[in-house]
Structure formats: C-alpha cells, structure tokens
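Peer 1: The structure that follows is given in the form of structure tokens.
Just so it is clear, none of the values below were taken in a lab; they were calculated from the coordinates. Not measured: the values here are computed from a predicted model. We place every Cβ from the backbone using ideal geometry, glycine too, and count neighbours over all the protein chains shown.
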Amino acid sequence: MNDKCKISYKKNTANILRFLGKLSAFIPVIFIALHYYDMDVVYIKEISCRLLPKTCLEIYLILTLLWLVMPTRKYFRNSGFFEILYNLCPTELFLLLYFAQKHFWLSCLFAIVSIALLVFVLILNVKNKKRYESKKEYRKKKRMIYQSLVLCICVMCATPSFLAAVVYKLQGETYIPTAETDGEKNSEDENVTAENTEQDAVETVDVFEENKELLLEFTQENWEKKSIQERIDVAQRFLNFEDIRLGIPPVPIYAEKMYSITVIATYDYENKNIIMDNQFFMELSAEEILNTLCEENFHAFECYMIENMDWNMNLINTYYFQELREWRENLNCYISAGLDDYEEYESQPVEASAKRYAKEETELIQEYLKKWTGSDIAGSEKNED
C-alpha cells in the first residue's frame, strides 16, 4: 500500500511539473504584462550605451523567440523542472542588461561565463559523438549536458535578475549630492549672503571673487577630471550660490537617465528640483553645464515668484510686473519641446527669460574664469527642457 502511494505521489508530482513546464512558456508574456510600463531607458555609462524602452522590448522579444525556436528545445520538452528553467533563461539573461546599469563589470563576468559554458558544452558534445556508438546513449548524454548548462546559467543569473527586476525595479543609477555638499555648503553660502547684505551700500562685495574656488571647478581642465558624483556635488554647490543670488530657497539637483534622448535637463515644477541626464552630464563641456544649470535654476526662480506674489495687489497690473504676468500666463498653457514646434517652445516667455538669464550669467562667469586662468571653456549649444 505504501509503495503504491509512493508511486502515485511521484507520478502526480511529475505530472504537475510537466504541466508547470508547459505553462512556463508564458513567462515572457507575464514579464511584459508586469513590466511594460516599468521599462525605462537603459543607460550603461561605462560604454555610453543608451537604449529606449521600445528598443529594450524588441531585444527581449527577439531573444525570447530565438531561444524558443532553438533545436536544443527538444531536449527540455516534458522534462518538468528543466523545461521551466529553459523558458526562464531568456528572461534572466535579458535582465542582465538592466543589472549592468549598476554593476557593469559583474554583468560582463556573468555574460562571459555563460558564453564559456556554452562553448564548453558544444565541444563536449562533439567529443561525445565520437565516444558513443549508440545514438540513444549519445542523445541521453546530450540531453543531460544541455540541462546542466541551463541549470548553471539560471542559478548564476538568478540573483542579478532578481535584483534588477524586484530591488532596482529596472531603474538605473540616480546620483544625488552628498549630505556635506547639500548641507554645509548651504550654511556657508547663507552666512556669506547675510554678511554681504549688512555691508554698506557703497561698498559692493564681488560675489564671484568670493566664490572663486567654486567657480574654478568649471574650467574645462578641472571638469574633465571629475566623476559623475563629483560633478553633481559641484553642481549643487553652484546652485546654492545661484539661489542666494536670486533670493530663492535651495533647489536640489540629481542626475539620472532621462526618457528623451534630446533633453539635457529639466526643472520639475511639482517637486521643485532639477533633473540632469546622466549621459549628457558626463559628455557636455563645463560651459554647457553652467548654461544648463543657470537656465533650469531660473525656472525655479520663475516658479517661486509666481507662487509667492500677491496677485490681488493693484501694483501687479503695472508695467514693472509685466514679465511676471507673462510667466504666469505661459505656465497655464506651456508648450513642451518637440521637433516640429521647437521654435514656438523656445520663444515662450518662461523659456526666453531663462535662456536670456543663462546666457548672460554664463558669459559673466566665463569672463571671470578667463581673468583667473587666461583661457576660455569650450562649449556648444544643446537643447534643454
């Protein structure tokens, strides 16, 4: 009776595994359904590779289709557990792409080991073909080797794929200023401003000379030596300096990969922060970064003025506040940047004012840098949002 129960249990377990093996063919469908809206731009800074979500989806579909039509699939049919692993394998391999955003060299190691295992298996199969005279024995051995290969790949890629999908949620690196940069420098700048405002009206303090050490970070020579984290720290210190000049609260900045391949940076009106694109942040010249920071920070100034102005006072309708009224009206019917209407976008009051301020401020800083170093910073114009 016990033997019959054991046999029945094993048979039922085998049937369930075979059923699950058939269902595992829908793993790609489930993955796309769960992550279709989560898929973000893939940016791997080590190789300056940027892939849009649509491209990532196409890569995943092609990889899955090729995997499912491979001749080796026949060695996994009706094998239950190994069929599940076989159908899971392309998804795990694809997730290495997202894992590479945070751990590039580790992803390369996994990819190289997987390729090495595949080459080893192919060589082993060639040797076994000569060793086994019986085709049945050869196919059995071949089946075992392929199943072992898939098992190794799945076990090896399980942790990185889990981290990419569940922990990182298909997101790449986000760089934020260090606490020291954000806090201590703010306090220092606020103290400097407080001292400056107490000075006699006749005695004007040159704030650029006072912040010479900070501004010299934006010489091309110094800028090129900095890592992305160092650049975001310097950018935050510069924004703190600019915010005091404009008389607005500190504006945070962070860098991440952005969906658009043409947008360098944007000011988030809702969260009141500046977002820089990782790739552009590393590729643009120091002068271009300065111009971008000034422009986006001026959007913060526009927003601050609109939100804190008393719109019920009579003076608001005078010529003095005309530009402010235009900003307010513009934000109610803002035109986002596009290839077809870029000129219209650029001519909007909030954009025109920000670009004008950024141009003037950048040129002024360039004059100081030229005086201090005897050289200019090379730069070229790019699109900002």
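Peer 1: Relative contact order of the chain, please, whole-number percent, based on alpha carbon pairs below 8 angstrom and at least 6 residues apart.
Peer 2: Relative contact order for the chain comes out at 14 percent.
Peer 1: Based on other C-beta atoms within 10 Å, arrange 205, 41 from fewest to most.
Peer 2: Listed from fewest to most nearby Cβ atoms, that is 205, 41.
Peer 1: Next question. With r as the distance between the Cβ atoms of residue 311 and residue 335 and R0 = 22 Å, compute the FRET efficiency 1/(1 + (r/R0)^6) and round to 0.05.
Peer 2: It comes to 0.45.
Peer 1: Loop-only trypsin sites (Lys or Arg not before Pro) in segment 63-110, please: DSSP not H, G, I, E or B, and at most 16 other Cβ atoms within 10 Å.
Peer 2: Answer by residue number: 77.
Peer 1: Using helices alone, what [θ] at 222 nm do you get for the chain, with -39,500 (n - 2.57) per DSSP H run of 4 or more residues, divided over all residues and rounded to the nearest 500?
Peer 2: Computed ellipticity for the chain at 222 nm equals -20500 deg cm²/dmol.
Peer 1: Taking a ≥ b ≥ c as the square roots of the Cα gyration tensor eigenvalues, with a/c under 1.5 meaning rounded and otherwise prolate when a/b beats b/c, else oblate, which class fits segment 2-167?
Peer 2: oblate
Peer 1: Apply the a/c threshold of 1.5 to the C-alpha gyration tensor of the chain and tell me whether it is rounded, prolate or oblate.
Peer 2: prolate
Peer 1: Then there is this: Between 350, 166, 150, which gets the highest mean-square fluctuation from a Gaussian network model of the chain, Cα cutoff 10 Å?
Peer 2: 166
Peer 1: Pop out the ³J(HN,Hα) list for segment 312-329 in order, Karplus 6.51 cos²θ - 1.76 cosθ + 1.60 with θ = phi - 60°, rounded to Hz; leave Gly and Pro as x.
Peer 2: 9, 6, 5, 5, 4, 8, 7, 4, 4, 9, 4, 4, 5, 5, 5, 4, 4, 5
Peer 1: Going by average Cβ density within 10 Å per residue, which order do the peptides 318-326, 43-51 take, highest to lowest?
Peer 2: Highest-to-lowest ranking by the protection proxy: 43-51, 318-326.
Peer 1: Hey, another quick one. Pop the C-beta distance of residue 128 and residue 158 into the FRET formula with R0 = 30 Å and round what comes out to the nearest 0.05.
Peer 2: FRET efficiency, residue 128 to residue 158: 0.60.
Peer 1: Counting alpha carbon pairs within less than 8 Å and at least 6 residues apart, what relative contact order, in whole percent, applies to segment 179-373?
Peer 2: It comes to 19 percent, rounded to a whole number.
Peer 1: Quick check: net charge around residue 43, other residues with Cβ under 14 Å of its Cβ, Lys/Arg +1 and Asp/Glu -1?
Peer 2: -2
Peer 1: According to the square roots a ≥ b ≥ c of the eigenvalues of the Cα gyration tensor, what is the shape class of segment 179-373, taking rounded for a/c under 1.5, prolate for a/b larger than b/c otherwise, and oblate for the remainder?
Peer 2: oblate
Peer 1: Show me the ranking of peptides 85-96, 361-372 by mean Cβ neighbours inside 10 Å, starting with the highest.
Peer 2: 85-96, 361-372
Peer 1: Shifting gears a bit: Identify the residues of segment 63-104 with backbone N under 17 Å of a label point that sits 7 angstrom from the Cα of residue 23 along the Cα-to-Cβ direction, or state none.
Peer 2: From segment 63-104, the list is 78-88.
Peer 1: Okay, moving on. Among 137-148, 120-131, 243-254, how do they line up from the highest to the lowest mean number of other beta-carbon atoms within 10 Å?
Peer 2: For the peptides 137-148, 120-131, 243-254, the packing ranking is 243-254, 137-148, 120-131.
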